[in-house]
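Structure, as C-alpha cells:
The values are calculated or read from the model by the stated rules, or taken from the named source; none is laboratory data. Everything numeric here is computed off the predicted structure, so don't read it as measured data. Backbone-built Cβ (ideal geometry, glycine too); neighbour counts: all protein chains shown. The area values use the complete protein model at the heavy-atom level, side chains included, leaving out ligands, DNA and RNA. Shrake-Rupley method; radii C 1.70, N 1.55, O 1.52, S 1.80 Å.
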Amino acid sequence: MTDEDVEALLEAQRRSYERAGKALRRSWPPEDALDADELRGILADLVYGVLATARPDGRAHASPVAFSVEGGAFWIATVLGLRVRSLRAVPWASFVLSEGQREGAHRALTAEGPVRLHEDAGFASARARLADDWARRHGHAPDWASAFVELRPERVFSHRSR
C-alpha cells in the first residue's frame, strides 16, 4: 500500500462526506473519520473484511474475505461461484472493515463502488502484480483463487472512537 493508495481513499472519503446527508453525518461524524495515518493503520492491521454483493435475484450476500489495496482500490481474491455470478449481474459491492467492541478503541471503514472482475488473462496479470503484497499480508500466494474483484470505491466513510 502506497501513500497514493491512502490519498485516493481519503479523497473518496472527502467527496463522500461532502455529499452525505444529516443522518449519515450524525452516525458517522466527519470529525471522527480516520486521517491518513489511521487509515494506513487499519488497512495494514486488518487483513480480512466483509464484502457485500447483490445476488442476481436481488437478495443480499455478504461474506468475510481477504483483501489487499493497490491503486486506490480494494482487491479481493475469489473462486468462481456465487460472488462472481452476482458481480457479473450487478457489478457493485460494499466492503466493511471493523475492529473493536463497546469499550475501548474502535475503528471502522465502509467503502462501496463499482467492481471489475479480473478473470482468465486478467486474473493472471492481477495475481502477478499483487503476488508480493498478498504474500506479505496473508502469508501465502492466492493460488486457490480463480479471479480477483477490484472494488474502486466511490463512497468511503470511516470512524474511530476517541
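Among the residues in region 81-93, are any within 26 Å of Leu39 (Cα to Cα) and open to solvent by 10 Å² or more (accessible area, probe 1.4 Å)?
Taking every residue of region 81-93 in turn, at least one turns out to be within 26 Å of Leu39 (Cα to Cα) and open to solvent by 10 Å² or more (accessible area, probe 1.4 Å).
Given the criterion farther than 25 Å from Arg25 by Cβ, basic (Lys, Arg) and in contact (Cβ under 8 Å) with a residue 12 or more places away in the chain, identify the matching residue among Arg136, Arg107, Arg55.
Selected residue: Arg55, the only one of Arg136, Arg107, Arg55 that is farther than 25 Å from Arg25 by Cβ, basic (Lys, Arg) and in contact (Cβ under 8 Å) with a residue 12 or more places away in the chain.
Can you tell which of Arg116, Arg129, Arg136 is closer than 18 Å to Val6 by Cβ and out of contact with any Gly (no Cβ under 6 Å at 6 or more places or on another chain)?
Arg136
Out of all the residues in region 24-42, which are in contact with an Asp or Glu (Cβ under 8 Å, 6 or more places away or on another chain) and touching a residue at least 60 places away in the same chain (Cβ under 8 Å)?
If the condition is that a residue be in contact with an Asp or Glu (Cβ under 8 Å, 6 or more places away or on another chain) and touching a residue at least 60 places away in the same chain (Cβ under 8 Å), then Ile42 is the only one that fits.
Tell me which residues, restricted to region 100-138, are open to solvent by 70 Å² or more (accessible area, probe 1.4 Å) and either farther than 23 Å from Ala62 by Cβ or at pLDDT 90 or above (or both).
Of everything in region 100-138, those that are open to solvent by 70 Å² or more (accessible area, probe 1.4 Å) and either farther than 23 Å from Ala62 by Cβ or at pLDDT 90 or above (or both) turn out to be Glu103, Ala105, Arg116, Asp120, Ala121, Arg127, Ala128, Arg129, Asp132, Arg136.
Just need a number here: residues in region 64-97 that are assigned to a loop (DSSP other than H, G, I, E, B), within 14 Å of the chain's Cα centre (by Cα) and free of Cβ contacts under 8 Å to residues at least 40 places away in the same chain.
Residues flagged as assigned to a loop (DSSP other than H, G, I, E, B), within 14 Å of the chain's Cα centre (by Cα) and free of Cβ contacts under 8 Å to residues at least 40 places away in the same chain within region 64-97 amount to 0.
Go through region 74-99 and count every residue that is in contact with a Lys or Arg (Cβ under 6 Å, 6 or more places away or on another chain) and over 19 Å from Ser146 (Cα atoms).
The total comes to 1.
Among the residues in region 139-159, are any aromatic (Phe, Trp, Tyr), under 14 Å from the mean Cα position of the chain (by Cα) and either farther than 18 Å from Val6 by Cα or not in a strand (DSSP E or B) (or both)?
Yes, there is a match, as at least one residue in region 139-159 is aromatic (Phe, Trp, Tyr), under 14 Å from the mean Cα position of the chain (by Cα) and either farther than 18 Å from Val6 by Cα or not in a strand (DSSP E or B) (or both).
Would you tally the residues in region 71-80 being over 13 Å from Pro153 (Cβ atoms) and open to solvent by less than 70 Å² (accessible area, probe 1.4 Å)?
Of the residues in that region, 2 qualify.
Return the residues of region 1-58 that are within 13 Å of Leu109 (Cα to Cα), part of a strand (DSSP E or B) and open to solvent by less than 40 Å² (accessible area, probe 1.4 Å); say none if nothing qualifies.
Gly49, Leu51
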